[in-house]
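S.K.: Right, I'll just put the structure down here and ask away after.
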Amino acid sequence: MSAVRIERLVTSGTFSLDGGTWEVDNNVWIVGDDREAIVVDAAHDAEAIAEAVGDRRLTAIVCTHAHNDHIDAAPALADLTGATIWLHGDDLPLWKQTHPDRLPDGDLADGQVLTVAGTELTVLHTPGHAPGAVCLYAPGLTALFSGDTLFAGGPGATGRSYSDFGSIVDSIRDRLLTLPGETVVHTGHGETTTVAAEAPHLREWIDRGF
């Protein structure tokens, strides 16, 4: 029986919101074993993601939030693989900006447990960067998939529409800093970090109101 593993694929494209467009590199996370997997954030290139999944059964495409750079390849990947798409309902208005004619297949809820290859990932609703932003916590892998809620070096941006500074502060303080310090944070962009590495300056950032 093969071990569950975490794989990262970096894809490139654009992020568009509020009339602006920026070039971005996104982390696509594949979690599973040799037989089945899930994808966290199907960004930009469905064929490249499907190739990375290979002949494994893709059971779900989980969207940490609905900014277009995290979901633009989700319908095409679902069509290629037969996987279902999951998104928190609070992000449907953002989703419809990118995919007006295709809804997600399932709604994510806080506390929901997804299972792949015998490994549990718990959905943590962490609004702020987007109203329906979620993180996935996999204690068996000592891993958190944080989307754009938390990065190496700080929290996700809250300067655009559908975002809220107070909400992301609450989410980070109450949902993420309470996790074990050794938890590896697999981010939506850039390099991984740990809860312990981020905690000191995040607490200072929260206390100072930045």
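The values are calculated or read from the model by the stated rules, or taken from the named source; none is laboratory data. Since the structure is predicted, the reported quantities are computational estimates derived from the model, not experimental observations. Please note: Cβ atoms are built from the backbone with ideal geometry, for glycine as well, and neighbour counts cover all protein chains shown.
S.K.: Within segment 1-40, can you find the residues that are part of a strand (DSSP E or B) and hydroxyl-bearing (Ser, Thr, Tyr)? Explain how you work it out, then say what you get.
M.R.: Step one: filter segment 1-40 for residues part of a strand (DSSP E or B), giving 5-17, 20-32, 36-40.
Passing the criteria: 11, 12, 14, 16, 21.
S.K.: Can you give me the number of residues within segment 100-156 that are over 16 Å from residue 173 (Cα atoms), part of a strand (DSSP E or B) and among the hydroxyl-bearing types (Ser, Thr, Tyr)?
M.R.: Going through segment 100-156 one residue at a time, the tally reaches 3.
S.K.: What are the pairs with Cβ atoms under 8 angstrom where one residue, in segment 155-175, is touching a residue at least 60 places away in the same chain (Cβ under 8 Å) and the other, located anywhere, is part of a loop (DSSP other than H, G, I, E, B) and surrounded by 14 or more Cβ atoms within 10 Å (Cβ to Cβ)? Sequence gap at least six, or different chains.
M.R.: Filtered contacts from segment 155-175: 162/130; 162/131.
S.K.: Related question: Does residue 43 count as among the aliphatic types (A, V, I, L, M) and touching a Leu at 6+ places or on another chain (Cβ under 6 Å)?
M.R.: Taking the combined requirement at face value, the residue does not satisfy it.
S.K.: Same structure, new question: Give all pairs with beta carbons closer than 7 Å in which a residue from segment 119-141 that is free of Cβ contacts under 8 Å to residues at least 24 places away in the same chain meets a residue that is among the aromatic types (Phe, Trp, Tyr) and surrounded by fewer than 24 Cβ atoms within 10 Å (Cβ to Cβ); count only pairs at least 6 apart in sequence or on separate chains.
M.R.: 122/137
S.K.: Another one. From the set of residues in segment 135-158 that are among the small types (Gly, Ala, Ser) and surrounded by 20 or more Cβ atoms within 10 Å (Cβ to Cβ), which is modelled with the lowest pLDDT?
M.R.: 156
S.K.: Could you tell me which of the residues 66, 43 is touching a residue at least 40 places away in the same chain (Cβ under 8 Å) and assigned to a loop (DSSP other than H, G, I, E, B)?
M.R.: Unique residue meeting the criteria: 66.
S.K.: Which numbered condition trips up residue 115, out of (1) loosely packed, with under 15 Cβ neighbours inside 10 Å; (2) over 16 Å from residue 144 (Cα atoms)?
M.R.: The single condition residue 115 does not satisfy is (2).
S.K.: Give the residue that is surrounded by the most Cβ atoms within 10 Å (Cβ to Cβ), with candidates limited to residues of segment 48-61 that are of a type in the set (Val, Ile, Thr) and under 19 Å from residue 13 (Cα atoms).
M.R.: 61
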